[in-house]
Every structure is written in C-alpha cells, then in structure tokens.
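Peer 1: Please find one structure pasted underneath; my questions will follow.
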Amino acid sequence: MTDIVVIGGGWAGCSASLAAIKAGAEVLLLERTDMLLGCGLAGGIMRNNGRYTAAEELKRLGNGELIDAADACSLQVNISFPGHEHASLYDTVSMEPVVRRLLQDMGVKIRFESRVTEVVKCSERRIEGVVLTEGETVAGDVFIEATGSAGPMSNCARHGNGCSMCVLRCPSFGPRVSLSLAAGVADIAGTRKNEQYGSFSGSCELNKNSLKAELRNQLEKKGVVVIPLPESYVNLDLLQMKACHQYARPDYVRNIILLDTGGRVKMMMPFCPLELLRTLPGLEYATYEHSRGGGNSLRFLSRAPRDNAMRVTGLDNLFCAGEKAGFFVGHTEAMVTGSVAGLNSVRSVTGKPCLELPTSLVCGDLIAFENAALADRQALQKRYTFAGGEYFDRMAELELYTTDHDTIVKRVDKTGLTGVFAGAKILTQTTTSQSDDTGSETLPQGDVRHRHLAAVSGQKFI
Ligand SMILES: Cc1cc2nc3c(=O)[nH]c(=O)nc-3n(C[C@H](O)[C@H](O)[C@H](O)COP(=O)(O)OP(=O)(O)OC[C@H]3O[C@@H](n4cnc5c(N)ncnc54)[C@H](O)[C@@H]3O)c2cc1C
C-alpha cells in the first residue's frame, strides 16, 4: 500500500489526509502542536459568499466530511455582516475534537508534537523521508506539505509587530519549517503595501466571558454585533495590512465587528490596543485570547511553486496544499486544495493521471486563477478567497457564484467528476443523515446542513 505522509494538520492537511485515505493509501499526519486545525482554531467563518458554492461543490466531488463537520459544529447559521451573506460560524472550541475523531475513525494515523525540521532526498527530484525535531526519520512514498504560511516568530518580529502568542503557539511547539525550501525549491513570499513582506491576520479573539452580559446575549442571539468606533479611533492603515481582502472594507475599521464563534468571540480587526477596546460599551472588561492588542500573526511568507495538480515544481513526490500552495485565505480554500493534493498524492504512485479540477467549477478555477496570476508581480500583494475581493468578483462575473443546490449538483455532474474524491459510498453518507454502526457517537450533520440549505434557499426547515 502507498504510504502518504502529510505534514501539518490545519484544514488543508486534514482534508488532504481524508482524500488520500479514501483513495486507498496509508496516511500518517504529522502535526507540530498538540491540536489539529492550525489557524482554523481561531477562525470559524464558513459558507459566506462564494464559499457556499465551493463547499457544495466539494461535497458533490466526494470530500465533504469536513464541510459536514463544520456545519455540525456551527452555532450560527445563515447570518449576514458587512459584505458577507449566508455565513455560518463554527464553534472554535468544539471543532477540533470533532475533526480529530473523524480523521481517526477514517483510519488516518496522527502524530502530535511531531515537528518536521528537514527532508532527506534520495535523488534531485525525490524525497525519501522527513526528519523530526528529535532526529527520527519518517519514510514515505509521497509527501504533502500543508504547513501553512504563518510564523515563525522571527517573521512576526521582522515583518510584523512581534509575536502575539497566537493560536499556532510557536514558543511552545517550535517554528514552522518550509519543507519545499528544505528540499531545494525556493519559496515565493507575499507582500503588502510598500513591498513589506506578509500580511496580518484580519481578526483576533476575545474571551466571551469578558464581554458584558447584555452584549454577550445580543451576540449569541444575532451572531453578529457591530459597535461604531469614535472617529479618532479609526485607523485606515489597517485595511492595507490585512491578509483577508474580503474584510478590507471601511466597515471593518470604522466599527468593531464581533462574531459569535462559540466559546470565543471573533473580533474582525487585526489588532486593537486593549486600552482603546475597553472604552467601548460592553467591552469594559474585554480580554484577548490567543493574541494581544498590538499585534497578530504574519502570514503568506512561504508559498511553494506548484502545478494545478498541487505538485511542487521540481519535485516528483512532494505535493502542497492550503496557504502553502497559494495566497489562498480560508478554511474552505484549504479543504479544496487539500482534497486535490490528497487524491493526486496517491494517483502519482498508482499510475493514474493526476487530477486538475476543471475551471467550470469554482474549486478548479480558484486553483488555476491564483497560479496564472503569479506571472504578474502585483499578484504578490493579492490574496484569493471565494468569500470576497477579486476572486469573488470573478465568480460573480463568470456566473459561477450560486447558492442553488441543484445548479451546483448539475454543474459538478456535468464534469463527470461526481464523487471523484470518494466514490459513491461516501457521497451517499454525506448527503443523508449518518447512521453509525461502529457504536461511536454520531455527528448531527444532516440536521444542520439541511437547516442551512433551507435557510439560504428560503425554504421552511422542518
Ligand atoms: C486569526 C485567524 C482567523 C481566521 N479566520 C478565518 C475564518 O473565520 N474563516 C476562514 O475561512 N478562514 C479564516 N482564516 C484563514 C484560515 O484559517 C486559513 O487560511 C486556513 O485555515 C489555512 O489552513 P492551512 O492548513 O493551509 O494552514 P494552517 O492553518 O496554518 O495549518 C498549518 C499546520 O501545520 C503545522 N505545521 C507547521 N509547520 C510544521 C512542521 N514543520 N511540522 C509539522 N507541522 C507543522 C501547524 O502547526 C499547523 O497546524 C483565519 C486565519 C487566522 C490566522
């Protein structure tokens, strides 16, 4: 059996692991921290704008388990906030254990606190193993790098405002390492205004209990609260720094926008001094989680060159996914690129041609569009997401954006790729309520998904 080694357990690595195991491989996932999901531990927004279309495409293509799991953990469904429609917000506390169990139930072997620091090559174009911090070498047939693009701390210090003790916890678990670079392939670094390197994460998290009861109740009821900022507090420069171009709109610096991501509250601003925050109504006792008021993690410093099958240029057996594979922002984007990398890692050894998703699907178009755009130096400042900015405009122009389930299903079916990541069996599981004869607890995925679909399409949920 083919041995696939996935490095990095964020949404991209999790998705790649699932696709590879469903394609028939043995999969080992190496994660440097003690938890999966990476930046996804501080995220939560799904299905906003074009992410809805992409999520439904991915399900129809057969790798929808993670979308279903996120739906199942969503406490807020079909909410709107400036520039964003029909979003859902997963609970950032309960999400990780659910994904961990899902992967383990599917047979993915996970090793935590296993930070890869080097690669061992057997020829110019082939890797035979990766080396962990303690010196152990882990061998494999094919490797998938899904290490993200944030950190290490030196990058946050040099190009940002210093380590913000973010959710990636570099001080505890050690820095991210670019494995493609270690294998001899130069990274491409994203820039922001004035040719500075990287961009700041566009949101940070507050402790929910530190909000005044009235504000907390309002947030839990509506999912979103918008608090206008006094004019003297407005810092328009923040818009140029954001990784998330979909939130680079004046609304997001003229207001504090809070979203209910369960145990923690998502504040849609890269950073805001605590003293300032505490002058606002309801936030008098506000406390940060995973971050500090003066900084945030710096991302997009380490993109590997790749083809549209997600294979790293110049290496035969290294694939990449998520932020490592492009200037992609988002969980859904990581799941999509992870799916392609996972399937192709197996195909590359079994002799089947590698899959490039067609551009008639948003999932394929995003991957191809981002790659083609790199020819232009301006692209280093761009970020790509189904949720907004340039790529969402493109989706609308090409009439690819839709929330109509039947249209999406027909579009995928027309490509002949229905269930390509999974085969018919898995596809059935993700489109009906799950029955589980293994005795383990069943995810309430069907309910939430149907509630979401019904809410968006205006049907009554029963
Ligand atoms: C604060 C914040 C909020 C966000 N909010 C949202 C949101 O609400 N909705 C949304 O769609 N997107 C959001 N995003 C963006 C989104 O989280 C990311 O684009 C996406 O999750 C990236 O996934 P990834 O798997 O590519 O990388 P990451 O999430 O960075 O995961 C990489 C993983 O690799 C591991 N790793 C790194 N190096 C090594 C190594 N050498 N050995 C082993 N493991 C290693 C890391 O520990 C990590 O777990 C947010 C991002 C941030 C930072």
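Peer 1: Check region 51-65 and report whether any residue there is aliphatic (A, V, I, L, M) and away from the ligand (no atom under 14 Å from the Cβ).
Peer 2: Looking for residues that are aliphatic (A, V, I, L, M) and away from the ligand (no atom under 14 Å from the Cβ), one finds at least one in region 51-65, hence yes.
Peer 1: Please determine, by comparing only the residues of region 297-336 that are over 18 Å from VAL130 (Cα atoms) and among the β-branched types (Val, Ile, Thr), which one is surrounded by the fewest Cβ atoms within 10 Å (Cβ to Cβ).
Peer 2: Ranking the candidates gives THR313 first.
Peer 1: Return a yes/no flag: does region 149-159 have any residue that is touching a strand residue (DSSP E or B) at 6+ places or on another chain (Cβ under 7 Å), surrounded by fewer than 22 Cβ atoms within 10 Å (Cβ to Cβ), in the same structural domain as TYR384 (by TED's automatic domain parsing) and not in a loop (DSSP other than H, G, I, E, B).
Peer 2: yes
Peer 1: Yes or no: ALA387 in the same structural domain as ILE45 (by TED's automatic domain parsing), within 21 Å of THR147 (Cα to Cα), under 19 Å from the mean Cα position of the chain (by Cα) and buried (at least 17 other Cβ atoms within 10 Å of the Cβ)?
Peer 2: Judged against the criteria, ALA387 is not a match.
Peer 1: Any idea how many residues of region 284-294 are at pLDDT 90 or above and either within 21 Å of ILE45 (Cα to Cα) or touching a Ser or Thr at 6+ places or on another chain (Cβ under 8 Å) (or both)?
Peer 2: So the count comes out to 4.
Peer 1: Of all residues being among the hydroxyl-bearing types (Ser, Thr, Tyr), more than 20 Å from ALA189 (Cα to Cα) and crowded, with 24+ Cβ neighbours inside 10 Å in region 337-352, which is farthest from the ligand (Cβ to nearest atom)? Just the residue, please.
Peer 2: SER345
Peer 1: For region 337-369, give me the residue count where each residue is in a loop (DSSP other than H, G, I, E, B) and either aliphatic (A, V, I, L, M) or outside the structural domain of ILE67 (by TED's automatic domain parsing) (or both).
Peer 2: 3
Peer 1: Let me ask another. Which numbered condition in (1) crowded, with 23+ Cβ neighbours inside 10 Å; (2) away from the ligand (no atom under 11 Å from the Cβ); (3) not in a helix (DSSP H, G or I) is the only one that GLY162 fails?
Peer 2: Tallying (1) crowded, with 23+ Cβ neighbours inside 10 Å; (2) away from the ligand (no atom under 11 Å from the Cβ); (3) not in a helix (DSSP H, G or I), GLY162 fails exactly one: (1).
Peer 1: Now a separate question. Suppose we filter region 1-43 for residues that are aliphatic (A, V, I, L, M), modelled with pLDDT under 95 and within 7 Å of the ligand (Cβ to nearest atom); how many remain?
Peer 2: 1
Peer 1: Would you pick out the residues in region 125-153 that are touching a residue at least 24 places away in the same chain (Cβ under 8 Å) and either over 20 Å from ALA20 (Cβ atoms) or within 9 Å of the ligand (Cβ to nearest atom) (or both)?
Peer 2: Scanning region 125-153 gives ARG125, VAL130, LEU132, THR133, GLU145, ALA146, THR147, GLY148, SER149, ALA150, GLY151, PRO152.
Peer 1: Give just the number: which of (1) away from the ligand (no atom under 11 Å from the Cβ); (2) among the hydrophobic types (A, V, I, L, M, F, W, C); (3) more than 11 Å from CYS204 (Cα to Cα) does CYS272 not satisfy?
Peer 2: Only one criterion is unmet by CYS272, namely (3).
Peer 1: Give all pairs with beta carbons closer than 9 Å in which a residue from region 155-167 that is within 23 Å of THR33 (Cα to Cα) and of a type in the set (A, V, I, L, M) meets a residue that is more than 12 Å from the ligand (Cβ to nearest atom) and in a helix (DSSP H, G or I); count only pairs at least 6 apart in sequence or on separate chains.
Peer 2: The qualifying pairs are MET165/PRO171.
Peer 1: Go through the residues of region 69-76 one by one and say whether even a single one is under 15 Å from the mean Cα position of the chain (by Cα), away from the ligand (no atom under 11 Å from the Cβ) and either of a type in the set (Ser, Thr, Tyr) or farther than 25 Å from PRO175 by Cα (or both).
Peer 2: Yes: region 69-76 contains one or more residues that are under 15 Å from the mean Cα position of the chain (by Cα), away from the ligand (no atom under 11 Å from the Cβ) and either of a type in the set (Ser, Thr, Tyr) or farther than 25 Å from PRO175 by Cα (or both).
Peer 1: Could you count how many residues in region 370-382 are under 20 Å from the mean Cα position of the chain (by Cα) and assigned to a loop (DSSP other than H, G, I, E, B)?
Peer 2: Qualifying residue count for the region: 1.
Peer 1: Restricting to region 141-173, name every residue that is on the phi > 0 side of the Ramachandran plot and over 25 Å from the mean Cα position of the chain (by Cα).
Peer 2: none
Peer 1: If you scan region 389-425, which residues turn out to be on the phi > 0 side of the Ramachandran plot and in contact (Cβ under 8 Å) with a residue 60 or more places away in the chain?
Peer 2: Result: GLY389, GLY419, GLY423.
Peer 1: Just to verify a result, which residue in region 165-191, among those that are hydroxyl-bearing (Ser, Thr, Tyr) and over 18 Å from SER114 (Cβ atoms), is surrounded by the most Cβ atoms within 10 Å (Cβ to Cβ)?
Peer 2: Filtering first and then ranking leaves SER180.
Peer 1: In addition: For region 129-148: of the residues being in a loop (DSSP other than H, G, I, E, B) and modelled with pLDDT of 95 or more, which is surrounded by the fewest Cβ atoms within 10 Å (Cβ to Cβ)?
Peer 2: Among residues in region 129-148 that are in a loop (DSSP other than H, G, I, E, B) and modelled with pLDDT of 95 or more, the one surrounded by the fewest Cβ atoms within 10 Å (Cβ to Cβ) is GLY135.
Peer 1: Which numbered condition in (1) crowded, with 24+ Cβ neighbours inside 10 Å; (2) of a type in the set (Lys, Arg); (3) more than 30 Å from GLU128 (Cβ to Cβ) is the only one that LYS382 fails?
Peer 2: (1)
The values are calculated or read from the model by the stated rules, or taken from the named source; none is laboratory data. Quantities reported herein were computed from a predicted structural model and do not represent experimental measurements. Every residue, glycine among them, receives a Cβ derived from its backbone with ideal geometry; neighbour counts consider all protein chains shown.
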